[in-house]
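The values are calculated or read from the model by the stated rules, or taken from the named source; none is laboratory data. These numbers were taken from a predicted model, which means no experiment stands behind them. Quick reminder, even Gly has a Cβ in these numbers, built from the backbone with ideal geometry, and neighbours come from all protein chains shown.
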């Protein structure tokens with residue numbers, strides 16, 4: 001299942017409105033098929049893994065990060081039916097599919113066909129791996145990551161506006177990979193006007209994965225953070241700035257994940273990372289975030305905080 | 001030697017103008033004496049360890065973090081002579097003593113007496129462990145630690161001034177222990193007027209180790225950061241704020257170590273950690289600091305940066 005979860009990340013940011021699922025098929029202790037949801041949402045992970053496994057799928061164990069779908073679609077048959085037809089012996093599932101067209105029906109159909117199903121394996125990790133799809137299903141909006149790149153004292157630019165570069169090349173490459181894992185980037189109008197040419201993925205081989213760029217603007221279709229709910233085919237949204245746009249998302253409670261790049265420099269006076277959050281007490285600031293990951297990137301450090 | 005270095009930290013912030021030395025005496029594979037420079041600077045670490053070892057010092061190996069002193073004092077005999085009189089078989093030394101009254105003479109006297117001396121063991125760690133004494137000797141001023149306690153976005157208070165508490169009880173206890181390891185704390189006049197009652201060590205058993213509090217003020221004896229050179233019996237100085245005082249020390253190049261406590265909160269508008277540093281370019285901010293240690297303290301994180 002851990003391998004299936006790793007595969008699921010290959011589609012992250014490219015499969016909306018479908019979930020980014022991963023699948024591994026094991027026969028006689030060997031991996032005979034691997035799959036992940038393809039860009040645009042099809043083929044599904046199970047279909048890809050079954051195609052790879054061929055006849056070796058008969059009697060094999062299928063590890064899949066999300067309950068196989070039970071609904072036919074014009075774009076392909078239901079994965080539960082594919083697994084039954086392939087004659088797999090057992091299906092291990094991380095979490096159920098909240099899509100009402102499946103929601104338990106996928107597992108039921110497999111069991112009705114005499115296939116053993118073990119659900120709930122690495123469920124928490126799976127919720128993190130498919131957070132975009134699940135947030136869209138549960139809350140009707142994309143999963144939002146706020147990216148900040150600051151000095152140790154929380155500045156994102158000198159008073160002159162100079163901001164290139166706070167962080168070094170390794171941190172910037174990490175941030176570009178992060179862009180490729182979101183269907184869209186959102187910036188405020190000021191950042192758009194300054195940084196427009198640079199909001200793409202500049203990593204060898206991934207240039208084509210530059211996401212859509214959306215602009216929060218009082219004169220556009222995205223006027224307030226809440227408006228992201230209406231975005232089509234966007235289940236992962238990366239908010240890149242500036243300070244007022246970042247603050248607007250934090251104020252609205254619409255940041256699920258904080259991605260904080262920090263360079264080992266002190267700037268003193270300069271532009272702050274966040275505009276006013278309207279806090280009236282320190283108590284109201286506590287308890288909202290917990291550190292979920294951190295690593296060095298050259299001399300910089302990235303920290304990932306999850307919203308509680 | 002690692003054990004001797006650990007013992008040396010017991011005296012840190014309490015021994016100026018003497019170095020905080022640690023000493024371990026080992027006979028037949030067993031520790032027979034341990035010592036560290038006592039508050040006020042005497043007895044020396046070697047004297048304490050030899051007293052504990054007694055006759056077992058004969059033929060033993062003495063590990064000491066600094067070259068044993070070669071100069072008699074009204075307050076006690078030279079440690080080199082004590083070691084010779086005790087008949088130790090070998091002396092392992094981390095670094096030489098830059099005090100011109102010793103500076104190589106301690107090792108020479110031991111060797112002249114037929115004792116094997118091995119210098120340079122864990123020398124780099126020893127320079128960190130006795131940084132106060134060494135900074136005073138090399139630069140004629142105390143070793144300066146700047147403490148900051150901020151939100152993730154670098155704020156030290158809300159716009160209202162509310163700053164209790166940014167960090168939690170474990171981080172505050174850590175900061176109080178740090179106070180006990182400096183001969184003096186320095187704050188700006190504004191912080192003095194606001195925080196005066198609380199600049200002490202509030203840890204069980206360590207209340208008596210509250211350091212002197214010094215105030216940087218245009219009307220006092222400490223008017224500029226450079227004035228710390230004249231402080232007597234202060235080899236470790238902790239600068240605790242506020243933002244303008246912190247910035248003055250950074251601008252003057254007088255911060256050797258940055259102690260950064262960070263709470264997992266976002267504050268947005270509020271008081272910044274540092275005043276103006278007068279930087280004219282980002283390039284001039286880079287390359288000054290490197291992360292030397294980090295750990296979680298409850299939900300907070302402390303990072304230690306060393307000046308390059």
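See the values below:
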| read-out | value |
| --- | --- |
| Every residue from region A:247-263 that is within 15 Å of residue A:279 (Cα to Cα) and in contact with a strand residue (DSSP E or B) (Cβ under 6 Å, 6 or more places away or on another chain) | A:249 |
| Residue in region B:42-59 that is under 30 Å from residue B:186 (Cβ atoms), in the same structural domain as residue B:81 (by the TED database), touching a helix residue (DSSP H, G or I) at 6+ places or on another chain (Cβ under 8 Å) and surrounded by fewer than 18 Cβ atoms within 10 Å (Cβ to Cβ) present | no |
| Identity of the residue in region B:254-280, more than 7 Å from chain A (Cβ to nearest Cβ) and part of a loop (DSSP other than H, G, I, E, B), that ends up nearest to residue B:244 (Cα to Cα) | B:278 |
| Residue within region A:226-234 that is within 14 Å of chain B (Cβ to nearest Cβ) and assigned to a loop (DSSP other than H, G, I, E, B) present | no |
| Filter result (closer than 19 Å to residue A:4 by Cα and either without any contact (Cβ under 8 Å) to a residue 60 or more places away in the chain or part of a loop (DSSP other than H, G, I, E, B) (or both)) within region A:60-77 | A:60, A:61, A:62, A:67, A:68, A:69 |
| Which listed residue is modelled with pLDDT of 90 or more, in the same structural domain as residue B:272 (by the TED database) and part of a loop (DSSP other than H, G, I, E, B), from B:178, B:162 | B:162 |
| Sole residue being touching a strand residue (DSSP E or B) at 6+ places or on another chain (Cβ under 7 Å) and surrounded by 21 or more Cβ atoms within 10 Å (Cβ to Cβ), chosen from B:106, B:132 | B:132 |
| Residues of region B:150-164 satisfying the condition of being free of Cβ contacts under 8 Å to residues at least 12 places away in the same chain and either within 7 Å of chain A (Cβ to nearest Cβ) or under 27 Å from residue B:204 (Cα atoms) (or both) | B:162, B:164 |
| Residue in region B:216-238 that is over 29 Å from residue B:127 (Cα atoms) and at pLDDT 95 or above present | yes |
| Residue tally, condition surrounded by fewer than 19 Cβ atoms within 10 Å (Cβ to Cβ) and either in contact with a strand residue (DSSP E or B) (Cβ under 9 Å, 6 or more places away or on another chain) or without any contact (Cβ under 8 Å) to a residue 40 or more places away in the chain (or both), over region B:87-103 | 7 |
| Residue that is surrounded by the fewest Cβ atoms within 10 Å (Cβ to Cβ), among those in region A:139-152 that are touching a strand residue (DSSP E or B) at 6+ places or on another chain (Cβ under 7 Å) and part of a loop (DSSP other than H, G, I, E, B) | A:152 |
| Failed item in (1) out of contact with any helix residue (DSSP H, G or I) (no Cβ under 7 Å at 6 or more places or on another chain); (2) within 18 Å of residue A:120 (Cα to Cα), with residue A:18 passing the rest | (2) |
| Unique residue being over 30 Å from residue A:176 (Cα atoms) and in a helix (DSSP H, G or I) when the list is A:7, A:83 | A:83 |
| Enumeration of residues in region B:281-295 that are within 8 Å of chain A (Cβ to nearest Cβ), surrounded by fewer than 16 Cβ atoms within 10 Å (Cβ to Cβ) and within 21 Å of the chain's Cα centre (by Cα) | B:290 |
| Test: residue A:298 is closer than 17 Å to residue A:188 by Cβ, touching a helix residue (DSSP H, G or I) at 6+ places or on another chain (Cβ under 9 Å) and within 13 Å of another protein chain (Cβ to nearest Cβ) | no |
| The one condition in (1) surrounded by fewer than 18 Cβ atoms within 10 Å (Cβ to Cβ); (2) outside any strand (DSSP E or B) that residue B:31 fails to fulfil | (2) |
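Table: residues versus (1) in contact with a strand residue (DSSP E or B) (Cβ under 7 Å, 6 or more places away or on another chain); (2) at pLDDT below 90.
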residue	(1), (2)
A:158	no, no
A:170	yes, no
A:189	yes, no
A:206	no, yes
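Conditions tested, residue by residue: (1) out of contact with any helix residue (DSSP H, G or I) (no Cβ under 8 Å at 6 or more places or on another chain); (2) under 22 Å from residue A:40 (Cβ atoms); (3) at pLDDT 95 or above.
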residue	(1), (2), (3)
A:81	no, yes, yes
A:90	yes, no, yes
A:94	no, no, yes
A:106	no, yes, yes
A:112	yes, no, yes
A:116	yes, no, yes
A:123	yes, no, yes
A:140	no, yes, yes
A:155	yes, no, yes
